[in-house]
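Okay, structure first, notes after.
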Protein chains: 2
Amino acid sequence: MNGLYLADGILTYRTDLPRPQPGPDEALVRVTLVGICSTDLEMVKGYVPGFQGVLGHEFVGVVEESPDAAWHGRRVVASINIGCGECDVCRRDGPEHCPSRTVLGIHNRDGVFAEYVVVPLVNLLPVPDDVPDETAVFTEPLAAALRIREQVKVWPTAKTAVVGPGRLGLLIGQVLALAGTEVTMLGRREASLELPARLGLQTALVDSLPDDSFDFVVEATGNDAGFAHSLRLVRPLGTLILKSTFAGHSRIDLTKLVVGEINVVGSRCGPFAPALRLLARQEVAVQPLIDGEYPLSDGLAAFEHAARSGVRKILLRP
Amino acid sequence: MNGLYLADGILTYRTDLPRPQPGPDEALVRVTLVGICSTDLEMVKGYVPGFQGVLGHEFVGVVEESPDAAWHGRRVVASINIGCGECDVCRRDGPEHCPSRTVLGIHNRDGVFAEYVVVPLVNLLPVPDDVPDETAVFTEPLAAALRIREQVKVWPTAKTAVVGPGRLGLLIGQVLALAGTEVTMLGRREASLELPARLGLQTALVDSLPDDSFDFVVEATGNDAGFAHSLRLVRPLGTLILKSTFAGHSRIDLTKLVVGEINVVGSRCGPFAPALRLLARQEVAVQPLIDGEYPLSDGLAAFEHAARSGVRKILLRP
């Protein structure tokens, strides 16, 4: 089959990949649409040095084979962490932190930038008929945005900022606004603030605001400058959510963190069913984030496009 | 009067200081015993570049002058943050985070390494007769240790570690153990683990333990190596408390923080009344931490002693 394959930090489009074979309790899913996320871009830059295989984890597809016939022909999305199911961590916290987990297209398991992917049945979620592929493909990043609400109390009166109005930041901003919260999207350039403004969010240039301006700040840039601004902007006793994966080490001013008694919370994967519910209810605008769509065979060009400054979601169609 | 005065990063013993004049709603306290804390040592190293004045914030004393006669002759300790009392922060969170606060011996207000200090009446707390000065002088750092229990839920079944078995770490370890929690004190050298073991706490060398060993880790070293170990040792979804003030910037691996969804909480000053209650009930051993006592006039020698590796509490008697 065809797919985008990462090996030794080099991404290639291959036409010779074997079609994956589902094991017991797994489904074979024909991939219909995928999204490129910042983690994919980081991985191509070498963020997960050991990974070798088909890249990608944001997708929608149709079940072609399954031990449970009820799934046949169903349009699905799927959560991306697969735990051992037997360790203390799996029992207590679920698969996301299992030490021997695999993660679709990220860790020890082929991903979705291909014609087919194999996924455990327990990870599947059916997509309602009235949610188009171009919307359903945002389920994974929207779930990641919703993770924040599982971790901390988002109080409606909190002055809230999202640093980084990009492909993930805009989902986070919209999710937080659903609490009735006043959300300001912060970017480095005026152009990056146009879409958030169109989506009804407040906007500001990140360096135009004084220190300690917000109760609640979400860092969604994944770069050191974004982190430094986020820490600068959160008020003493405030909460700072780290939503983006950082590569390497960052130089942090821990003094403000201690003296200001800041609460910093790392945040990763989130719940799929609530994300799909919000998409079905059209509570979160996702299609305005789409900046381009490519056939899978043009995947390398799509990656170049996705890596350009200011570009949000790029889709690939196998 | 006599006192230890910090100016331009240089600490001197001076005999020409004016006796401070209490304002309205303030008491003049004759200082009877003070403790040197790591923050004092950091300040002499230049951690708060702008500070000029009498250093010190851990003390016990006797009220000599007060607008309220009920305080006359009372033995007291005092909380160290003085807020404006009128801003939103003071009203919502108390004086500890008031943007225009002063802090005894730390920020814009003379401290306690002198014969006399002036303190607002609202900051005073009477010391019970059966709590000796050598115990009461630990109220401030013990309050700082208790602050953790105001900020996060300390669950009794959590595997808990304190990195840094020093003057503050040993108070934190004892406070956490009072929840019935299994607390392990981690140090770099065997010699540093003798006192924690005598105090009934578990001990281990910090580099002898594998990654992700603890649910709950308190960083109490204030150095980058201690922070790196703390982040290494806390498990995914665990909590890391930063209890020590760091000077400058630290290089942090934010990847573990995000992927492991770690919760990092900065922690500073705590509640005095509960600290004094624990001291009165003899629930926390403090006098074994005393490694030396000097007259105030030998303050510079006392500072050298306090800065030596492995030394815990050094007291000064004005």
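The values are calculated or read from the model by the stated rules, or taken from the named source; none is laboratory data. Since this is a predicted model, take the numbers as computed values, not measurements. Counting neighbours? That spans all protein chains shown, and the Cβs are built from the backbone with ideal geometry, glycine included. Only protein heavy atoms, including side chains, enter the accessible area calculation; ligands, DNA and RNA are left aside. Shrake-Rupley method; radii C 1.70, N 1.55, O 1.52, S 1.80 Å.
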With Cα atoms, 0 to 90° folded angle of helix B:139-151 axis to chain B main axis: 50
Solvent-accessible area lost in complex, 30 Å² minimum, residues of region A:252-293 relative to chain alone, 1.4 Å: A:Ile252, A:Asp253, A:Leu254, A:Thr255, A:Leu257, A:Val258, A:Val259, A:Glu261, A:Asn263, A:Val264, A:Gly266, A:Arg268
Estimated FRET transfer efficiency when R0 is 25 angstrom, pair B:Arg30-B:Asp130 (beta carbons, to 0.05): 0.75
Formal net charge of residues neighbouring A:Glu26 (Cβ-Cβ distance under 13 Å; K, R +1; D, E -1): -4
Chain B: most fluctuating residue of B:Phe113, B:Phe138, B:Phe303 per GNM, C-alpha cutoff 10 Å: B:Phe303
Virtual spin-label span in nm between A:Gln282 and A:Arg251, 7 Å along Cα→Cβ: 5.0
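What stretch of chain A, leaving out the sites themselves, is the longest with no trypsin sites (Lys or Arg not before Pro) in a DSSP loop having at most 12 other Cβ atoms within 10 Å?
Numbers: sites that count: A:Lys45, A:Lys153, A:Arg189, A:Arg281, A:Arg308.
In chain A, the maximal stretch lacking such sites is A:46-152.
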In Hz, Karplus ³J(HN,Hα) per residue of region B:66-78 (6.51, -1.76, 1.60; θ = phi - 60°; x = Gly, Pro): 6, x, 9, 4, 4, 7, 4, x, 6, 7, 9, 10, 8
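Can you pull out the buried accessible area for chains B and A, both sides counted, probe 1.4 Å, rounded to the nearest 100 Å²?
Values: alone 14190 and 14200 Å², together 25220 Å².
Counting both chains, the buried surface is close to 3200 Å².
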Rounded Å value of the spacing that divides the Cα centres of region B:22-73 and region A:156-199: 46
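Quote the relative contact order of region A:168-291 in percent (integer), defining contacts as alpha-carbon pairs under 8 Å separated by 6+ residues.
Details: 162 pairs, mean separation 24.0, N = 124.
Taking the mean separation of contacting Cα pairs over the length of region A:168-291, I get 19 percent.
Around A:Asn223, under 13 Å between beta carbons, what's the net of Lys plus Arg minus Asp minus Glu among the other residues?
Values: positive: A:Lys45, A:Arg188, A:Lys243, A:Arg251; negative: A:Glu42, A:Glu219, A:Asp224.
Its environment carries a net charge of +1.
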Antiparallel bridge percentage (DSSP; both residues within chain B; nearest 5): 55
Rounded percent of accessible protein surface that carbon and sulfur make up, region B:145-266, 1.4 Å probe: 50
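Let a ≥ b ≥ c be the square roots of the eigenvalues of the Cα gyration tensor of region B:220-318; is it rounded (a/c under 1.5), or, if not, prolate (a/b larger than b/c) or oblate? If you can, show how the numbers build up before the last one.
Details: a/c = 2.94, a/b = 1.66, b/c = 1.77.
Verdict is oblate for region B:220-318.
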Simple label model, 7 Å out from Cα along Cβ direction - A:Asp16 to B:Glu304, nm: 7.4
Calculated FRET value between B:Asp207 and B:Trp155, using beta carbons and R₀ = 30 Å, to 0.05: 0.65
Highest-MSF residue in chain A out of A:Ser100, A:Ser297, A:Ser267 [GNM, Cα springs under 10 Å]: A:Ser100
Charge tally in the Cβ shell below 13 Å around A:Leu104, where Lys, Arg are +1 and Asp, Glu are -1, A:Leu104 excluded: -4
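Assign one of three labels to region A:145-266, namely rounded, prolate or oblate, based on the Cα gyration tensor with a ≥ b ≥ c the square roots of its eigenvalues; rounded applies when a/c is under 1.5, prolate when it is not and a/b is larger than b/c, and oblate otherwise.
Values: a/c = 1.44, a/b = 1.22, b/c = 1.18.
Rounded, because the longest to shortest axis ratio a/c is under 1.5.
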Length-normalised contact order for region A:272-318 - Cα pairs under 8 Å, 6+ apart - percent: 39
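Quantify how strongly other chains surround peptide B:238-245 by giving the mean number of their Cβ atoms within 10 Å of each of its Cβ atoms.
Values: counts 1, 2, 1, 1, 6, 1, 2, 4.
Whole-number average of other-chain Cβ neighbours for B:238-245 is 2.
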Between 0 and 90°, nearest 10: helix A:224-233 axis offset from chain A longest Cα axis: 50
DSSP-defined antiparallel bridges as percent of all bridges, the protein assembly as shown, nearest 5: 55
Relative contact order (%) - chain B, alpha-carbon pairs under 8 angstrom, separation at least six: 18
Ellipticity estimate at 222 nm from DSSP helix runs (n ≥ 4, -39,500 (n - 2.57)) divided over the protein assembly as shown, nearest 500: -6500 deg cm²/dmol
Chain A: most fluctuating residue of A:Leu233, A:Leu11, A:Leu209 per GNM, C-alpha cutoff 10 Å: A:Leu209
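Compute the accessible area per residue over chain A, keeping the other protein chains in place, probe 1.4 Å, unit Å². Write down the numbers at each step before the final one.
Working: 12620 Å² over 318 residues.
On a per-residue basis, 40 Å².
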